[in-house]
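The values are calculated or read from the model by the stated rules, or taken from the named source; none is laboratory data. Quick caveat, the model's predicted, so the values are computed rather than measured. Because the Cβ atoms are built from the backbone with ideal geometry, glycine has one as well, and the counts that use them run over all protein chains shown. These accessible areas exclude ligands, DNA and RNA; they are computed on the full protein's heavy atoms, side chains included. Shrake-Rupley method; radii C 1.70, N 1.55, O 1.52, S 1.80 Å.
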Amino acid sequence: FAKMDSVDFVKLEEKKRVYASLSDFGSYPPEKLENIARLGVVIDEIIEEFDLHAIAIRCWDELQKKYGIAPCLILGELNERGIAAACELDVTNAVMMRAVGLAANHPVMLLDVNNNYGDNPDKVIFFHCGPAPASMMQGKGEIEEHLMFKKSYGEGSGVGINVGKYIVDNVTVGSFKTEDGNLCAFVTDGKLTDEQLPKEFFGCGTVFEKKGANEMLDYMAKNGYRHHVAITKGHFACAVKEAFENYLGYNIDLI
């Protein structure tokens, strides 16, 4: 926070320009873009100082209480540059994001595994606030306020979720965890569809389709995986499994 309050003016103005090109800030006060840009500049400096290839951000509740922002747009921009950036301090899935990104040579996003899609056993809802890279979205996004933060901390406390429509394409999906000292993961292939989510959803959501998708939900629940998955474009599950097993000795399931 001390670094945010004393960022270089030139870096700040450039970062504001970059973020404004990625998403429409509409009628939100200019200080929202400025605070988001201040955080983006500082994170860039930390990445450069420590030569980081992946990061995990603690995205609430300090940023909302002090600066009135959410860092979703920042995460998407970092992922577009090839720096795996996870939200909610999900360090283990920052590793999975890095892995699938290297396998695909494509930017990655981290989404919540939300629920089944109606009674279709082959479809699952993926959803998040809006941390997707530009190449995983269909066009420029729109900045909105995080409704959970608004409910908890008041109006204007969580501006920065980047709302838009995700691509419709084949994807690789994976998740990573630690369990009793072991490094464990699963990976699978499927596709994102163009089906609409119920209007009650905020942020960004999509429908993931694969044969036996509900079995993936059962697998995640029974094996203690949390609610996040890393997603990138194309089918590279077998490559990720081969690399994790043969070169790193991780326990990884192909499902």
Would you check if Asp194 is more than 14 Å from Tyr117 (Cα to Cα), more than 17 Å from the chain's Cα centre (by Cα), open to solvent by 30 Å² or more (accessible area, probe 1.4 Å) and among the acidic types (Asp, Glu)?
no
Selection from the stretch 1-20 of residues within 20 Å of the chain's Cα centre (by Cα) and either without any contact (Cβ under 8 Å) to a residue 24 or more places away in the chain or open to solvent by 90 Å² or more (accessible area, probe 1.4 Å) (or both) yields Ala20
I'd like to know if the stretch 60-75 contains one or more residues that are touching a Leu at 6+ places or on another chain (Cβ under 9 Å), of a type in the set (Phe, Trp, Tyr) and open to solvent by less than 40 Å² (accessible area, probe 1.4 Å). yes
Per the filter on the stretch 206-255, residues open to solvent by 60 Å² or more (accessible area, probe 1.4 Å), part of a helix (DSSP H, G or I) and farther than 24 Å from Ala132 by Cα are Glu215, Asp218, Ala221, Lys222, Glu242, Glu245, Asn246, Tyr247, Leu248
Restricting the stretch 164-179 to residues that are open to solvent by less than 20 Å² (accessible area, probe 1.4 Å) and small (Gly, Ala, Ser), the one farthest from Cys238 (Cα to Cα) turns out to be Ser175
For the stretch 136-158, pairs from a residue that is on the phi < 0 side of the Ramachandran plot to a residue that is open to solvent by 80 Å² or more (accessible area, probe 1.4 Å) and part of a loop (DSSP other than H, G, I, E, B), with Cβ under 7 Å and 6 or more apart or across chains, are Met137/Lys165; Gln138/Lys165; Phe149/Trp60
Residue hits (the stretch 78-89; open to solvent by 20 Å² or more (accessible area, probe 1.4 Å) and not β-branched (Val, Ile, Thr)) are Glu80, Arg81, Gly82, Glu88, Leu89
Scanning the stretch 6-23 residue by residue, those polar (S, T, N, Q) and out of contact with any Gly (no Cβ under 7 Å at 6 or more places or on another chain) turn out to be Ser6, Ser21
In the stretch 21-50, anything over 20 Å from Lys66 (Cβ atoms) and open to solvent by 40 Å² or more (accessible area, probe 1.4 Å) is listed as Ser21, Leu22, Asp24, Gly26, Ser27, Glu48, Glu49, Phe50
Point to revise | Condition met for Glu155 (within 18 Å of the chain's Cα centre (by Cα), open to solvent by 80 Å² or more (accessible area, probe 1.4 Å) and not basic (Lys, Arg)) | key: no
Expected single match for outside any loop (DSSP other than H, G, I, E, B) and open to solvent by 30 Å² or more (accessible area, probe 1.4 Å) among Ala99, Ala94, Ala103 is Ala103
